[in-house]
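Take a look at the structure below.
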Amino acid sequence: MTSKDSMEIRYRLVRTAGRLFAENGYEATTLQSIAEAEGMTVEKINYWIGNKDHLYASVFMMLLEEDRRHGIESIIKEHPEWKETPFGQAQIIRRKIQMMFNALRNEELPWKAAFIARELATRLLSKENQAEHIAQVLTDDLYHFCREIKDDLTEDELEIVCRCFPLSQIGSFLMLASRECKDYASLRLDPIRFDNLIWFTTATILGYMGLPAQELLP
């Protein structure tokens, strides 16, 4: 078996585990149920991934790697001219926030939002919430970009507007969505409310940074 085959098996296992964790929760999801869904034995899962805790953490790592591909550098690489003017800088921030929020509406991983909502609601890992860690990492490049273009803001001000504010918005929306649905497996993100949340978050950050209002942006 090639290394590519091994990676494919691990990737498939993690995706299946993520879906089952999202539908049933951590406690109710067993290695046996994951093994049955994949048509393999528990021993094989232990060989490829490890125990359930490792598998659960691997789901978050997979989601994190998926999201890291959509950072500000990728936006600047596609549109380097945007970095040179306040109008373009506003467009970079706007695009980044859209990508950050839209990552929850992942068509290839439709269980992603429910999986993160469960983690936010249950806080399985008492010392550190994995979902909050992902949201924090996703806002790191926004923070550094805003630090670069707006050097008169204090560290605390930047922390609030570029990290804490988007993180809290994502968390509060997912918590609200999970409470409104009958169970996590049926969690659906209301598109109008979600788009309004993106608009509100973007408008707040652009206003705080003194950049052109997003209504002016295409």
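Values as computed for the structure displayed
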item	result
Number of Lys pairs (Cα under 24 Å; 8 or more positions apart or on different chains) in the stretch 66-192	8
Electrostatic dipole magnitude of the chain [Cβ: Lys, Arg +1; Asp, Glu -1; Cα centre; debye, to 20]	520
Options (1) 57, 43, 32; (2) 72, 45, 28; (3) 87, 39, 30 - which one matches Cα extents along the principal axes in Å as calculated here	(1)
Selection from Ala17, Ser58, Thr29, by position along the positive dipole direction of the stretch 1-64 (Cβ)	Ser58
Top of Ala57, Ala103, Ala117 by mean-square fluctuation, Gaussian network on the chain, Cα under 10 Å	Ala57
Protection proxy ranking of 91-98, 61-68, 186-193 - average other beta-carbon atoms within 10 Å, highest first	91-98, 61-68, 186-193
222 nm mean residue ellipticity, helices alone, for the chain (DSSP H n ≥ 4; -39,500 (n - 2.57); rounded to 500)	-22000 deg cm²/dmol
The chain - percent relative contact order, Cα under 8 Å, separation 6 or more	23
Positive-end residue, the stretch 70-205 charge dipole about Cα centroid, Cβ charges, pick of Ala103, Leu138, Ile205	Ala103
Within a Gaussian network of the chain (alpha carbon springs, distance under 10 Å), most fluctuating of Phe200, Phe101, Phe165	Phe200
For the stretch 151-193, with +1 on Lys and Arg beta carbons and -1 on Asp and Glu, the positive-most of Phe165, Tyr184, Leu153 along the dipole	Tyr184
Distance from the stretch 181-216 to the stretch 44-69 (C-alpha centre basis), Å	29
Fluctuation leader among Ala121, Ala185, Ala113 - the chain, Gaussian network, Cα springs under 10 angstrom	Ala121
Magnitude of the charge dipole, the stretch 1-72, Cβ model with Lys/Arg +1 and Asp/Glu -1, debye to 20	200
Inter-label distance for Lys44 and Glu8, nm, one decimal - labels placed 7 Å from Cα along Cα-to-Cβ	1.4
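Every read-out reported here was derived from the displayed coordinates using simple, explicitly stated rules and does not represent laboratory data. Just so it is clear, the model here is predicted, and its values are computed rather than measured. So basically every Cβ, Gly included, is an ideal-geometry build from the backbone, and we count neighbours across all protein chains shown.
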